[in-house]
Amino acid sequence: MSRSNTAMLIIDMMNKMDFEGGEDLLKHSLPMVDHLAALKERVKEKEIPIIYVNDNFGQWQDNAGNIIEECMKNPGKEVVEKILPEENDYFIIKPKHSGFFGTQLDILLHQLGIDNLILTGIAGDICVLFTANDAYMREYNLYVPKDCMASEKESDNENAIQIIKRSLMADTTASTELDLESFVSKE
């Protein structure tokens with residue numbers, strides 16, 4: 001049986017993309033989501049937990065199913081369909097940019113015995129960056145595959161990757177080169 005001290009966060013991929021700038025985010029998310037879906041499949045094979053951390057879009061009484069259903073009616077549908085949560089994935093709804101702010105994420109990670117986080121998602125220059133910062137402040141080891149995050153502007157995404165790498169000491173290796181075997185111990 002495999003045991004991992006690593007979890008993969010998929011940030012804000014259940015997204016309507018119906019806002020100003022959403023068209024650009026969708027354009028940059030479409031090529032990225034294929035890398036993310038492939039990484040998710042590899043992560044699942046290693047029995048590494050997957051945690052969706054998603055905006056609530058101001059809907060305080062919605063649940064994951066309602067959020068996904070709403071996203072499937074909007075421009076983001078094409079991305080959402082490719083990275084839908086599976087039954088054994090975790091789903092945390094967040095009220096602000098960081099996946100840690102106002103959520104039970106840190107408690108869940110401690111209960112799962114997590115030390116390493118693989119962060120992915122959108123928008124790289126906002127929600128991924130803010131979540132990475134909060135994870136770094138909580139002393140998690142960070143892995144942010146540079147091909148598994150997207151932003152409205154490519155330059156903003158590149159800047160976020162550089163900040164995450166330089167200031168948060170994250171490994172930004174591309175998803176295809178990420179050594180998942182190193183995250184798994186045999187018991």
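Report every pair of residues separated by at least 6 positions or lying on different chains whose Cβ atoms are under 7 Å apart, first residue within the stretch 174-187 and under 17 Å from Ala38 (Cβ atoms), second modelled with pLDDT under 90 and surrounded by 10 or more Cβ atoms within 10 Å (Cβ to Cβ).
As it stands, the answer is Phe183/Ser4, since those pairs meet every condition given.
Yes or no: Gly124 under 17 Å from Leu25 (Cβ atoms) and of a type in the set (Gly, Ala, Ser)? Don't jump to the end; show me each part of the working.
Numbers: under 17 Å from Leu25 (Cβ atoms): yes; of a type in the set (Gly, Ala, Ser): yes.
Yes.
Looking only at the stretch 61-120, count how many residues are within 18 Å of Asn141 (Cβ to Cβ) and among the aliphatic types (A, V, I, L, M).
Total satisfying the criteria: 8.
Looking at Gly21, Gly65, which is the one that is on the phi > 0 side of the Ramachandran plot, open to solvent by less than 60 Å² (accessible area, probe 1.4 Å) and out of contact with any Ser or Thr (no Cβ under 9 Å at 6 or more places or on another chain)? Walk me through it before giving the result.
Details: Gly65 fails: on the phi > 0 side of the Ramachandran plot.
Testing whether each residue is on the phi > 0 side of the Ramachandran plot, open to solvent by less than 60 Å² (accessible area, probe 1.4 Å) and out of contact with any Ser or Thr (no Cβ under 9 Å at 6 or more places or on another chain) leaves just Gly21.
Of everything in the stretch 97-125, what is out of contact with any helix residue (DSSP H, G or I) (no Cβ under 8 Å at 6 or more places or on another chain) and open to solvent by 60 Å² or more (accessible area, probe 1.4 Å)? Give them in sequence order.
Gly102, Gln104, Ile107, His110, Gln111, Asp115
Looking at this structure, is Glu78 under 18 Å from Met149 (Cβ atoms), in contact with a helix residue (DSSP H, G or I) (Cβ under 9 Å, 6 or more places away or on another chain) and open to solvent by 30 Å² or more (accessible area, probe 1.4 Å)? It would help to see each step written out before you state the result.
Values: under 18 Å from Met149 (Cβ atoms): yes; in contact with a helix residue (DSSP H, G or I) (Cβ under 9 Å, 6 or more places away or on another chain): yes; open to solvent by 30 Å² or more (accessible area, probe 1.4 Å): yes.
So Glu78 passes the test.
So which of Ala123, Ala160 is within 18 Å of Asp55 (Cα to Cα) and touching a Leu at 6+ places or on another chain (Cβ under 8 Å)?
Details: Ala160 fails: within 18 Å of Asp55 (Cα to Cα).
Exactly one residue qualifies, and that residue is Ala123.
Filter the stretch 34-58 down to the residues that are touching a strand residue (DSSP E or B) at 6+ places or on another chain (Cβ under 8 Å) and part of a helix (DSSP H, G or I), then identify the one that is surrounded by the fewest Cβ atoms within 10 Å (Cβ to Cβ). Step through it out loud before you land on a result.
Our first condition is that a residue be touching a strand residue (DSSP E or B) at 6+ places or on another chain (Cβ under 8 Å); within the stretch 34-58, this holds for 36, 39-40, 43-44, 46-56.
Filter once more, so that each one left must be part of a helix (DSSP H, G or I): 36, 39-40, 43-44.
Numbers: Leu36: 25, Leu39: 22, Lys40: 25, Val43: 23, Lys44: 15.
Checking each candidate, the answer is Lys44.
Find all pairs meeting these conditions: Cβ atoms under 9 angstrom apart; at least six residues apart or on different chains; first residue within the stretch 139-155 and farther than 19 Å from Ile83 by Cβ and open to solvent by 70 Å² or more (accessible area, probe 1.4 Å); second residue at pLDDT below 95 and not in a strand (DSSP E or B).
Lys153/Gly21
The values are calculated or read from the model by the stated rules, or taken from the named source; none is laboratory data. Treat the numbers as computed from the prediction; the structure is a model and nothing was measured. When we count neighbours, we look across all protein chains shown, and the Cβ atoms used for this are built from the backbone with ideal geometry, even at glycine. In case anyone asks, the SASA skips ligands and DNA or RNA and just uses the protein heavy atoms, side chains included. Shrake-Rupley method; radii C 1.70, N 1.55, O 1.52, S 1.80 Å.
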